[in-house]
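Worksheet: the structure to be examined is printed underneath.
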Amino acid sequence: MSNQAGNEFDAYRNSYKDAVNGAISFSGLDVDFFTKAKAARLVDLLEKELGDPSKLSILDVGCGVGTYHPLLRNHVGKITGIDPSLACIEEGQSNNSDVEYYHYNGDVMPLPDGAFDASFAICVMHHVPPKQWALFVSEMARVTRKGGVVVIFEHNPYNPLTRRAVNTCPFDADAVLLTKRQTIAHLKEAGLEDVRGRYILSVPAMGGMLLKIDEFLGPLPTGAQYFAYGVQR
């Protein structure tokens with residue numbers, strides 16, 4: 001993510017949710033549903049790969065105003081956020097006093113090697129200029145400890161409803177959507193191992209039978225979004 005992207009998001013520090021809800025109103029769902037669904041999947045993945053999430057230190061890359069942090073705080077040990085938008089960082093800090101936030105220029109993170117058990121980016125990478133994709137992922141890998149995981153959630157460009165939402169969202173005007181295959185390739189190039197991914201939200205699943213159906217459909221490119229992750233070795 002670049003400083004320019006950070007400056008663009010400064011204007012949405014207080015209206016991000018409204019902008020997204022306007023873009024996805026045709027779905028009958030709101031942004032809170034999608035946020036909760038991805039937060040739950042992230043916690044499940046962390047538990048599966050790393051054990052008890054309450055003992056983990058995690059980094060939210062491109063955290064914005066910290067939308068996911070209230071949903072994660074009761075599940076993980078420590079949350080840190082980093083973003084190129086100073087206004088968003090300030091808003092996040094005012095809402096989440098227990099989270100440590102960092103501002104950066106979108107290139108090299110001002111964080112030490114191997115500082116976190118896991119790093120994740122949720123629907124951030126499509127705002128990063130394609131020529132910076134490799135650096136973005138390699139920086140996530142650098143700050144993740146050996147044995148830790150790097151997780152990336154992204155929009156599925158093969159889903160027509162997702163493309164419709166992106167095309168009508170005001171701050172997605174310059175978005176470049178990545179396929180799951182592209183994201184997996186960048187994770188591998190960053191030196192991560194056991195890289196894999198799944199599509200999610202083929203159906204509006206939060207739990208129960210719908211979640212089982214959604215997990216069954218995971219290998220198919222029908223989901224509104226997907227996640228990919230790898231292990232730092």
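What to note about this one:
- Filtered residues of region 195-233 (kept if under 30 Å from residue 114 (Cβ atoms), part of a strand (DSSP E or B) and touching a strand residue (DSSP E or B) at 6+ places or on another chain (Cβ under 6 Å)): 195, 197, 200, 225, 226, 227, 228, 229, 230, 231
- Long-range neighbours under 7 Å by Cβ, at least six apart or interchain, first residue of a type in the set (D, E, K, R) within region 193-222, second at pLDDT below 95: 193/233; 214/201; 214/202; 214/203; 214/205
- Residue in region 55-68 that is crowded, with 19+ Cβ neighbours inside 10 Å and in a helix (DSSP H, G or I) present: no
- The condition of being within 16 Å of residue 184 (Cα to Cα) and in contact with a Gly (Cβ under 9 Å, 6 or more places away or on another chain) holds for only one of 143, 150, that being 150.
- Where a residue in region 142-155 is on the phi > 0 side of the Ramachandran plot and its partner, wherever it lies, is outside any strand (DSSP E or B) and crowded, with 22+ Cβ neighbours inside 10 Å, with Cβ under 7 Å and at least six apart: 147/232
- Each residue in region 154-165 was checked for being surrounded by fewer than 18 Cβ atoms within 10 Å (Cβ to Cβ) and either closer than 20 Å to residue 129 by Cβ or of a type in the set (Phe, Trp, Tyr) (or both), and 2 of them qualify.
- Helices (runs of 4 or more DSSP H) contained entirely in region 91-194, each with at least 3 residues that are aromatic (Phe, Trp, Tyr) and modelled with pLDDT of 95 or more: none
- Tally, over region 46-88, of residues that are out of contact with any Leu (no Cβ under 7 Å at 6 or more places or on another chain), without any contact (Cβ under 8 Å) to a residue 24 or more places away in the chain and either over 21 Å from residue 232 (Cα atoms) or of a type outside the set (Lys, Arg) (or both): 6
The values are calculated or read from the model by the stated rules, or taken from the named source; none is laboratory data. Not measured: the values here are computed from a predicted model. All Cβ positions, even for glycine, are placed from backbone atoms using ideal geometry, and neighbour counts span all protein chains on display.
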